[in-house]
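Q: Dropping the structure in here first, questions after.
The values are calculated or read from the model by the stated rules, or taken from the named source; none is laboratory data. Predicted, not measured: the structure shown is a model, and the values here were computed from it. Glycine also receives a Cβ, built like all others from the backbone with ideal geometry; neighbour counts cover every protein chain displayed. When the accessible area is computed, the model is the full protein with side chains, heavy atoms only, and any ligands, DNA or RNA have been set aside. Shrake-Rupley method; radii C 1.70, N 1.55, O 1.52, S 1.80 Å.
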Amino acid sequence: MSDTAGTPRATRREWIGLAVIALPCLLYSMDLTVMNLAVPHISADLKPTGAQLLWMVDIYGFMIAGSLITMGTLGDRIGRRRLLLMGAAAFGIASVLAAFSTTAGMLIATRALLGLAGATLAPSTLSLIRNMFPNPEQRTVAIGVWITSYSTGGAIGPLVGGLLLEHFWWGSVFLVSVPVMVLLLVLGPALLPEYRDADAGSLDLPSAVQSLAAVLAVIYGLKRIAEDGVGWLPAVCILAGLAIGAAFLRRQRTLTSPLIDLALFRAPAFSAALVINTLSFFGAFGAFLFIAQYLQLVIGLSPLRAGLWSVPSALGFIAGSMLAPLIVRHISSGLAVVAALALSVVGFGVLTQVGGASGLAILVTGSVIFSLGLAPVVTLGTDLIVGSAPPGRAGAAAAISETSSEFGGALGIAVLGSVVTAVYSHAMADTVLSGVPPAAMQTVRSTLGGAVAVAAELPGTSAAALLDTSRDAFAQAFQVTATISAALLLATTILAAVMLRQTRTSAVG
């Protein structure tokens, strides 16, 4: 445990400022989920092509992932509060433009602007927390609140979006953020102090372009693999992104004011926490995606009921985030991370027992357990990352942390998604499906969603047989991914035990 003697403690002003910081983070997370609900309404109104529809959904996350490093470093240079307020203003304006978009192209452009603005929020808020809460114990609590705001946004996003879409037009899901951003613009200058790195040089634009291109290419390739399977285009994108990333790192070694100071990685706690967080998000993102599908397509719940049964795991994540500061008062951060990872392994072990349409209790229990386990890992890992960096480089450290989370999540969805597709298709390949038209066989054997759609057109007996068979195949695939996640997190637990033997965070000079 860190020695906090003599470290300045935050006052009431900082804690109120933390509440202000949490609001845009909640909306940032909500915006990642509400778009999916609005897609049918947008399609009916704007009539986008298939490619345009994909870009409407994807461009927000792509621009966030690609811009995090640049925005984090920019905040170190021009001031974290200034960047946060600029981003809030841009987010509010883009939200209004998105809500009143009249063409598919306009909505894609405004979603891209929303992503750029959203990329300012996570690194700016996290780096402000690093400076507002120099006391390690208080900073852990503050980061727990920060992460809880994201978890809350993810949990209530589908519920709020569903209610709005039930009573208003699709643009209303974007307008929710406007009053919150206005509140941030009003209260931010009074409650949030300004911090910048006095020794930071000018922003290197070629490095910014390289980082954007590298991250976008890799994330795009991973997402295409998750949606369409392995192919030459996503493979080329990933390889191109990795090559650009290597060139980016070489350039950073030659600059007097690099976009990313590679000396950050020499802090053992920083590098260890970065690896652990990435692997944790690998398991978490894949699990949440397939749990949502299982609830709707296997168990047969409506989207609203599926969302409600997802709330317990979100509450588990919130509880785990808030318990983390209490845990590290009694044991070291390293031991707490190892214990929490071990709990997440238990949760995924429970998920390996899910089977058929009667697995709701097991599914919810397993998801709550692994959420309780992964939340302290993310909270304490993020704390170790930002606490290992000197205050002047907090924005860059926060951006690296968020980018690693994006990579881990995208990789988890792509890899585990490919596993689900392969196992499901293999299980369905040799199955005799009586009553299914030959033209629909490929659809049935490709995805569970396709099988459900085909079953809706069949007579009762054939439909029931097809649903039972396809749901059992998906349950097998789900069990395989849960086993892979459990094994990966068990390996991560061992890795954490080795890498976090000494958990005092030492800032890089």
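Q: Can you give me the angle between helix 80-99 and the longest principal axis of the chain, using Cα atoms only, in degrees from 0 to 90, rounded to the nearest 10?
A: The answer is roughly 30 degrees.
Q: Please name which of Ala396, Gln296, Ser172 has its Cα lying farthest along the dipole of the chain towards the positive end, using unit charges on Cβ (Lys, Arg +1; Asp, Glu -1) and the Cα centre as origin.
A: With unit charges placed on the Cβ atoms, the residue in question is Ala396.
Q: What accessible area, in Å² to the nearest ten, does a 1.4 Å probe give for Trp15?
A: So the heavy atoms of Trp15 present about 90 Å² to solvent.
Q: Still on this structure, please answer the following. Counting Lys and Arg as +1 and Asp and Glu as -1, each charge on the Cβ, what is the dipole of segment 186-274 about the Cα centre in debye, to the nearest 20?
A: Numbers: 7 positive and 7 negative charges, 55 e Å.
That gives a dipole near 260 debye.
Q: Okay, helix-only estimate at 222 nm for the chain: each DSSP H run of n ≥ 4 adds -39500 (n - 2.57), divide by all residues, round to 500 deg cm²/dmol; what do you get? Numbers along the way, then the final one.
A: Working: 17 runs with 400 residues, N = 509.
Estimated from H runs of four or more residues: -27500 deg cm²/dmol.
Q: Using a probe radius of 1.4 Å on heavy atoms only, what accessible surface per residue do you get for segment 118-246? Whole Å² is fine.
A: Numbers: 5110 Å² over 129 residues.
On a per-residue basis, 40 Å².
Q: Quote the accessible area belonging to Phe317 in square angstrom, nearest 10, computed with a 1.4 Å probe and with ligands, DNA and RNA left uncounted.
A: For Phe317, solvent-accessible area is about 30 Å².
Q: Using a 1.4 Å probe on the protein heavy atoms only, what accessible surface does Tyr195 show? Give it in Å² to the nearest 10.
A: About 70 Å², rounded to the nearest 10.
Q: Could you provide, to the nearest whole Å², the per residue accessible area of segment 352-421 with probe 1.4 Å? Intermediate results must be reported in sequence, preceding the final value.
A: On the way: 1580 Å² over 70 residues.
Spelled out: the 1.4 Å probe surface of segment 352-421, per residue, equals 23 Å².
Q: Same structure, new question: Toward the positive end of the charge dipole of the chain, about the Cα centre and with charges on Cβ (Lys, Arg +1; Asp, Glu -1), which of Gly412, Leu205, Gly320 goes farthest?
A: Working it through, the farthest residue towards the positive pole turns out to be Leu205.
Q: Starting from the Cα of Leu239, move 7 Å in the Cα-to-Cβ direction to define the label point; list residues of segment 400-414 whose amide nitrogen is under 11 Å from there.
A: Within reach of a label on Leu239: no residues.
Q: Quote the charge dipole size of segment 67-212 about the Cα centre in Debye, to the nearest 20; the model charges only the Cβ of Lys and Arg (+1) and of Asp and Glu (-1). Kindly include the intermediate steps, with their values, before the conclusion.
A: On the way: 8 positive and 7 negative charges, 18 e Å.
For this selection, approximately 80 debye.
Q: Something else now. Rolling a 1.4 Å sphere over the protein heavy atoms, what is the accessible area per residue of segment 433-484, to the nearest Å²? Write down the numbers at each step before the final one.
A: Working: 2420 Å² over 52 residues.
Here the per-residue accessible area is 47 Å².
Q: By how many nm would the segment from Val39 to Ile16 grow when fully extended, if each residue of separation counts as 0.36 nm and the alpha-carbon distance is taken off?
A: On the way: separation 23, 0.36 × 23 = 8.28 nm, distance 3.64 nm.
In short, 4.6 nm is gained.
Q: In whole percent, what relative contact order does the chain give with Cα contacts below 8 Å and a gap of six or more residues?
A: Working: 862 pairs, mean separation 109.0, N = 509.
The value is 21 percent.
Q: Using the Karplus equation 6.51 cos²θ - 1.76 cosθ + 1.60 (θ = phi - 60°), what ³J(HN,Hα) coupling, rounded to whole Hz, does each residue of segment 309-316 give in order, writing x for Gly and Pro?
A: Those phi angles translate into 6, 8, 4, x, 5, 5, 5, x Hz.
Q: Could you order Arg111, Arg501 so the one with the most accessible surface comes first? Probe is 1.4 Å.
A: Details: Arg111 5, Arg501 180 Å².
Final ranking, largest accessible area leading: Arg501, Arg111.
Q: Let's see if you can work this out: charge +1 on each Lys and Arg Cβ, -1 on each Asp and Glu Cβ, no other charges. What is the dipole magnitude of the chain about its Cα centre, in debye to the nearest 20?
A: Details: 25 positive and 22 negative charges, 215 e Å.
Value, rounded to 20: 1040 debye.
Q: How much of the accessible area of the chain, probe 1.4 Å, is carbon plus sulfur, in whole percent?
A: 68
Q: A further question follows. Output the peptides 58-67, 176-185, 459-468, 249-258 sorted from most to least packed, where packing is the average of other Cβ atoms within 10 Å over each peptide's residues.
A: Values: 58-67: 22.8, 176-185: 18.4, 459-468: 14.6, 249-258: 13.1.
The most tightly packed comes first, giving 58-67, 176-185, 459-468, 249-258.
Q: Right, another one. Of Phe348, Ala155, Ala19, which is farthest on the positive side of the dipole of the chain, counting Cα position, with +1 on Lys and Arg Cβ, -1 on Asp and Glu Cβ, and the Cα centre as origin?
A: Farthest towards the positive end: Ala19.
Q: Residues in segment 396-414 near a label at Leu255, defined as backbone nitrogen under 18 Å from the 7 Å Cα→Cβ point?
A: 396-404
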